[in-house]
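To start, the structure under review is shown below, and the notes come after it.
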Amino acid sequence: MKISQLKLEELRDMFIYVSKKMIESKSLLTQADKAVGDGDHGVNMARGFETVRQKLEGHSFTTIKELVNTIGTTLMVSVGGASGAIFGTFFTGAAKDLKEEQHNFNMNMFSQMLFNGLKAVKQRGKANPGDKTMVDALEPAALKAKEIISFPLSKALIDVTEEARKGVEKTKNMIAKVGKAKSLGKRTIGYPDPGAISTHLILKYMMEFITRKIPN
Ligand SMILES: [Mg+2]
């Protein structure tokens, strides 16, 4: 069994699931941020995704563009700090080129969203690959999605998530060059970037949602 697309309501349910799992990841993200920063990333992300969950549950959207934009603007106003702006920017960037008439989430749309989100994040955060940021998880994920654009969504998400995970691992050897962690310089070596971890987790929870829909 494979899943090649999700309808608007299924995509909303996917992001409700992702929100719940990101809230559950609070202490993991707190620990990760304490190692390289002020430790607020877990609390910030949990607060943001709690607000997203509330906005999505019991609400029906007219278009995927509206749904994804809502996630972005909600994160922007509720997360606080640099990560709110960056993760909010990812989703609003991802929504930017979506057409009102696109009602199914498939690999073409997913790949386009990852690239547009990545572009927006790079512009906003002035971060490049190797700077020890979420870009180091997001860019390899976006490149993988483009490479396997012909795969069914359910299969592709497994491979895209794995690329993001490898990207997180690579951030351990990087020295932070942007954001608050920059002041810690070489002391950040050995620890992964919390934003990269969150990026991997969002993709991982999307993958979990879709693979659990598949009957064995
Ligand atoms: Mg922090």
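Contact order for segment 154-216, expressed relative to its length and based on alpha carbon pairs under 8 Å spaced 6+ residues apart, stands at 42 percent. Once the Cα atoms are used to define both axes, helix 64-78 deviates from the longest principal axis of the chain by about 30 degrees.
Given a cut-off of 25 Å, name the pairs among 7/144; 34/204; 172/204; 170/213 whose C-alpha atoms lie farther apart than that in the structure shown. Cα-Cα > 25 Å for 170/213; rest within.
Once the Cα atoms are used to define both axes, helix 26-36 deviates from the longest principal axis of the chain by about 30 degrees. Local charge for residue 105 was computed over the other residues whose Cβ lies under 9 Å away, with Lys and Arg +1 and Asp and Glu -1, and equals 0.
Is the shape of segment 25-142 best called rounded, prolate or oblate, per the rule: a/c under 1.5 gives rounded, else a/b larger than b/c gives prolate, else oblate, with a ≥ b ≥ c the square roots of the Cα gyration tensor eigenvalues? Note, shape of segment 25-142 comes out oblate. Angle of helix 81-95 to the longest C-alpha principal axis of the chain, folded into 0 to 90 degrees and rounded to 10: 30°.
Protection proxy ranking, highest mean first, for peptides 2-11, 27-36, 195-204: 195-204, 27-36, 2-11, where packing is the per-residue count of other beta-carbon atoms within 10 Å, averaged. The fraction of accessible area contributed by carbon and sulfur in the chain is 52 percent, rounded to a whole number (1.4 Å probe; ligands and nucleic acids excluded).
How high is the relative contact order of segment 5-212? Use alpha-carbon pairs under 8 Å, at least six apart in sequence, and give a whole percent. Relative contact order comes out at 22 percent.
The values are calculated or read from the model by the stated rules, or taken from the named source; none is laboratory data. Keep in mind it's a predicted model, so treat the numbers as computed, not measured. As a convention, Cβ positions derive from the backbone with ideal geometry for all residues, glycine included, and neighbour counts pool all protein chains shown. SASA here: full protein model, heavy atoms, side chains in, ligands and nucleic acids out. Shrake-Rupley method; radii C 1.70, N 1.55, O 1.52, S 1.80 Å.
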